[in-house]
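Since the structure comes first, as structure tokens, the remarks are kept for the end.
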Amino acid sequence: MMPIGPMLYEGKAKKIFAAARPDQVVQYFKDDATAFNAQKRGMIAGKGIVNNKVSERLFRLLEEKGVPTHFIERLSDREMLAKKVTIVPVEVVVRNVVAGSLAKRLGLRVGDVIRPAVVEFYYKDDALGDPLVNDDHLRLLNVATPGVLRELRELAHRANDALQPFLADRKIRLVDCKLEFGVYHNKLIVADEISPDTCRLWDAVTGDPMDKDRFRQDMGNVEEAYQEVLRRVCG
């Protein structure tokens, strides 16, 4: 087993540990669940295992399609070896179907297909509630240059173009997904995780949510939904 160093950071869903190499880290996936900027908290049994394994499969898919990621290898049920990146403080959300905050903000009908996909930027700041921002706001905040924002948008579209058909083949509709990016050796790459925690996933036949919305909205059968995503993605 790979030796793991001291914990560097603990977030809502993961712990980050030092690895043997200084340019690598170990991500440990927790079962803790949060929603509404951590105002709602709970546990989803086995969530960390599901998210680690699903992320592994989807990161491998992106790498196969030429989209660079921080993934190196899965070490155990809950641990992933990853490249140590400097996180860009921007959440990039790609929307294929109207749902969630988009429907509320713009008065659109939930379930309507969006073509081409809409890309949104959110400034990563818990104190501000991760506000929706545009390119000019991010330049004002000195968060990203126009060139970096163009690259973020391009990588997000490429990732979405890889994920959508893969999940559709498994009868999962990728409604939207939140992607995080980091800089590794001066290169932008996809980081964090890609899982039912960070994607809105609907059963392609029934339309039933298969993601963290079940926790957010107290819909029940949360663990079962996560396990079904694992079965379809990795089975």
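The numbers here are math on the coordinates, done by the rules we state, and not lab data. Because the structure is a prediction, the values reported are computed rather than measured. Reconstructed Cβ throughout: ideal geometry from the backbone, glycine too, with neighbour counts over all protein chains shown.
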Checking region 19-112 for trypsin sites (Lys or Arg not before Pro) in a loop per DSSP with at most 13 other beta-carbon atoms within 10 Å yields 65, 109
Using alpha-carbon positions, the gyration tensor of region 113-230 gives root eigenvalues a ≥ b ≥ c; with a/c under 1.5 called rounded, otherwise prolate if a/b exceeds b/c, else oblate, the class is prolate
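Working from the alpha-carbon coordinates of region 143-187, get Rg over Rh, Rh being the Kirkwood radius.
1.08
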Excluding residues fewer than 8 positions from residue 12 in its own chain, the lysines with Cα under 21 Å of it are 30, 40, 47, 53, 83, 84, 124, 178, 212
In vacuo Debye sum over C-alpha of the chain, base-10 log of normalised intensity I(q)/I(0) at q = 0.13, 0.14 Å⁻¹, listed in q order, is -0.78, -0.92
Correct semi-axes for region 19-77, from √(5λ) of the alpha-carbon gyration tensor and rounded to whole Å with the largest first, are 24, 15, 12
